[in-house]
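To start, the structure itself, in structure tokens.
The values are calculated or read from the model by the stated rules, or taken from the named source; none is laboratory data. Since the structure is predicted, the reported quantities are computational estimates derived from the model, not experimental observations. So basically every Cβ, Gly included, is an ideal-geometry build from the backbone, and we count neighbours across all protein chains shown. Protein only, heavy atoms only, side chains kept; ligands, DNA and RNA dropped before computing areas. Shrake-Rupley method; radii C 1.70, N 1.55, O 1.52, S 1.80 Å.
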Amino acid sequence: MTKPSAFGRVTTTLRDAWQPLRPFIVPLGPLALAIGFAAIGGALCTWGTPLWWAGTSLWVAAALTLYHGYRDKFLASGEWLARPRQWLGMGCVPGTLLLDVFYVGVLLWVASVMMHDVLEGGRPISHDHTVHYFKAWQLHKDFLPHGRLYGWSHRWFAGYPVDYLYPIGTDLFVNLVYGLSFGTLDFSQAYGTAFVLFHMLTGYSTYRLGRVVGGPHVGLIAGFLMLTDMSAFRLGGWAYTIEYGVWPQALSLTFALLAVARLPAIYETRELRHLGIFALYMGAAIVTHPIELIYLGVLLVVAVLAGLFVPQVKTAAGTF
């Protein structure tokens, strides 16, 4: 029997070393094809061509190529991510957590794209924006340094009562952003940043409520529609909130939606933690705009009626 050549011995050694790694090696063909689809799609979408619709179709094609090319590995990873685990003393499912992070990231990206002019350092000045900017600036300049939230000012009209007739939540929100910037933003930039954060919060709060009602997919769709709703004057959406600048109403609604998302936990567990978080969110909503007082009253009535039709929910205790 002849001895194997040096080349044969090297080949055998490499083959034996390769075998344990085979389960972790993925074919590169589907990956390369997906990258090609995504690159061409990105070019069609960003170069101002009339074929943006073809570009988005290629992005879908890239996602489907990856899924079908590595379907077995995706399914195995899905099973691993679906196992409940303990993290920081709390139970969580990694797959659900990652899906939440991804969906929220998508909504934040959409909001950032819509607000790209403001992110570049601008400040919205159309219609009511100048009023809300002045109110926040006056609170920062004349009242907060003296430990006051309201008073009298001669900066408008023949003098007027400041913050007696309109809640100060939005003004405090802008000042909070300015304070947390630690001097890196001037007050004009702080107003713009606060406005961008408000728009992001709109998508996030809608996602949270949609997730409670129908799951993460419903939350994603609801958040996207809330962010991109054009609507019209007096009907909310881009026209009323962004263009006309009546954003304190919408900011108060974001806090109210986050509060409503806590209702099921209050009625099912009656834990003080959920009740406290609900109170903080709803309190922030009321401080930001008075219309949430009506919202809260209707919410209590509807919550009681809904609880009456669910035998497992102790309506009286939860409402109390």
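I'd like to compare 199-205, 270-276: which one has the highest average count of other Cβ atoms within 10 Å, and what's the full order after that?
Working: 199-205: 23.1, 270-276: 12.7.
Order by mean packing, descending: 199-205, 270-276.
So what is the accessible area of the stretch 201-320 per residue, in Å², with the probe set to 1.4 Å? Numbers along the way, then the final one.
Values: 6440 Å² over 120 residues.
On a per-residue basis, the stretch 201-320 sits at 54 Å².
To the nearest 500 deg cm²/dmol, what mean residue ellipticity at 222 nm is calculated for the chain from DSSP H runs of n ≥ 4 alone, each contributing -39,500 (n - 2.57), summed and divided by the residues? List each step's numbers first, then the result.
Working: 15 runs with 210 residues, N = 320.
Using -39500 (n - 2.57) per qualifying helix, the result is -21000 deg cm²/dmol.
Among G307, M114, F182, whose Cα lies farthest out toward the positive end of the dipole of the chain, if unit charges sit on the beta carbon of Lys, Arg (+1) and Asp, Glu (-1)? My answer, from the dipole projection, is G307.
Please report, as a whole percent, how much of the solvent-accessible surface of the chain comes from carbon and sulfur atoms (probe radius 1.4 Å).
On the way: 14110 of 19820 Å².
That fraction is 71 percent.
In this simple spin-label approximation, D186 and L28 carry label points 7 Å from Cα along the Cα→Cβ vector, and these lie 5.2 nm apart. Length available on full extension from E271 to W238: 0.36 nm per residue minus the Cα-Cα distance, which gives 8.1 nm.
For S153, nonlocal amide neighbours, meaning residues 5 or more places apart or on other chains whose placed amide H falls under 5 Å from its own, are Y160, V162. Express the Stokes-Einstein translational diffusion coefficient of the stretch 173-249 in µm² s⁻¹, to the nearest whole number, given a Kirkwood radius over alpha-carbon pairs, 25 °C and a viscosity of 0.890 mPa s. Approximately 181 µm²/s, per Stokes-Einstein.
Fully extending the segment from I125 to A43, taken as 0.36 nm per residue of separation minus the present Cα-Cα distance, adds 26.2 nm.
For L180, the accessible area of its heavy atoms, probed at 1.4 Å with every protein chain present, is near 110 square angstrom.
Taking the 0 to 90 degree range and rounding to the nearest ten, how far is the long axis of helix 272-288 tilted relative to the main principal axis of the chain, both from C-alpha atoms? Tilt of helix 272-288: around 60 degrees. Each principal axis of the chain carries a Cα extent, and these read 110, 55, 39 Å when sorted largest first. Here the spin labels are modelled as points 7 Å beyond Cα on the Cα-Cβ line, and at R85 and V106 they lie 2.3 nm apart.
With the Cα gyration tensor of the stretch 251-317 in hand, give its eigenvalues times 5 under a square root as the equivalent ellipsoid semi-axes, listed largest first in whole angstrom.
Details: eigenvalues 94, 37, 12 Å².
Equivalent ellipsoid semi-axes, largest first: 22, 14, 8 Å.
Computed about the Cα centre, the dipole magnitude for the chain is approximately 1080 debye when only Lys and Arg (+1) and Asp and Glu (-1) carry charge, each at its Cβ.
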